[in-house]
1. Condition check: over 21 Å from K107 (Cα atoms), touching a helix residue (DSSP H, G or I) at 6+ places or on another chain (Cβ under 9 Å) and open to solvent by 30 Å² or more (accessible area, probe 1.4 Å). Does K158 satisfy that?
2. Can you tell me how many residues within the range 49-63 are touching a Leu at 6+ places or on another chain (Cβ under 8 Å) and assigned to a helix (DSSP H, G or I)?
3. With the requirement that a residue be modelled with pLDDT under 95 and open to solvent by less than 70 Å² (accessible area, probe 1.4 Å), what does the range 16-36 give you?
4. Where residues in the range 41-64 are more than 18 Å from E114 (Cβ to Cβ) and open to solvent by 40 Å² or more (accessible area, probe 1.4 Å), which of them is farthest from the chain's Cα centre (by Cα)?
5. For the range 175-185, what are the residues that are crowded, with 19+ Cβ neighbours inside 10 Å and not in a loop (DSSP other than H, G, I, E, B)?
6. Being touching a Lys or Arg at 6+ places or on another chain (Cβ under 8 Å), open to solvent by 50 Å² or more (accessible area, probe 1.4 Å) and of a type outside the set (A, V, I, L, M, F, W, C) narrows it down to one of E134, E114, E119, so name that one.
7. Starting from the range 130-148, keep only residues that are closer than 16 Å to N162 by Cβ, then list their pairs with residues that are among the small types (G, A, S) and open to solvent by 10 Å² or more (accessible area, probe 1.4 Å) whose Cβ atoms are within a distance under 6 Å, requiring at least 6 positions of separation or different chains.
8. Of the residues in the range 80-94, how many are out of contact with any Lys or Arg (no Cβ under 8 Å at 6 or more places or on another chain) and at pLDDT 90 or above?
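The values are calculated or read from the model by the stated rules, or taken from the named source; none is laboratory data. Please read these numbers as outputs of a predicted model, since none were measured by experiment. So basically every Cβ, Gly included, is an ideal-geometry build from the backbone, and we count neighbours across all protein chains shown. Heavy atoms of the whole protein, side chains included, go into the accessibility calculation; ligands, DNA and RNA do not. Shrake-Rupley method; radii C 1.70, N 1.55, O 1.52, S 1.80 Å.
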Amino acid sequence: MIKIFEQIKEGLIDGMVEEVQELVKEALDQGYEARKILDDGLLVGMNEVGILFKEGDLFVPEVLMSAKAMNTGVEILKPFLQEKDMEKSGLVLFATVKGDLHDIGKKLVIIMLEGSGFEVIDLGVDIAPNAIVEAVQKYNPDIVCMSAMLTTTMVAMKDTINALKEENLYEKVDIMVGGAPISEKYAQEIGAHYTSNASGAVDLANQLIGKTKTN
């Protein structure tokens, strides 16, 4: 790997926000294309962050700092990126379901998805089925992600899927669910895909997007 890209990757993994900013500027000054800096420096680094988090070598606060470093680096590159360079892997609509106010897990998954090239629309917490349906109609996402941290709120996932079916939207999107009380069995019962962690969510989203694009 080119030295400057290796430094960007390592700085991002270490959550060194200011260092990553300076290295990205330095790479531009050295004449490297913005797209190459994004692909071979920032995205490689964020992918490594995902692997380290999955293996338990990084924790949530550290991932948040890496994400901040990633975002500041991207902001520097944006003026130099062509529109085709900014094409996203896919559009994800994300919500914590009705009655549930937990969002730490959701935020972490969003960080990982965005770091992997997805555009994510975060609807927030305590989102009713009809509001998710309306958002699907408005944004036409590739994937709808729902999270729940309580056994008392996980039923809202099923209610949302039923609402999507009633509006003939269920077949137009892939649905991913996750959270402490959710299991693979429950996801299958309600007609959704399940992931148990943030890194797994990225892998699953990529698989679903690949399936969608080849169909």
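1. Against the criterion (over 21 Å from K107 (Cα atoms), touching a helix residue (DSSP H, G or I) at 6+ places or on another chain (Cβ under 9 Å) and open to solvent by 30 Å² or more (accessible area, probe 1.4 Å)), K158 qualifies.
2. Qualifying residue count for the region: 4.
3. A34
4. D57
5. Listed by number, the residues that qualify are I175, M176, V177, G178.
6. Residue meeting the stated conditions: E119.
7. V133/A163; A148/G179
8. The number of residues fulfilling the criteria is 4.
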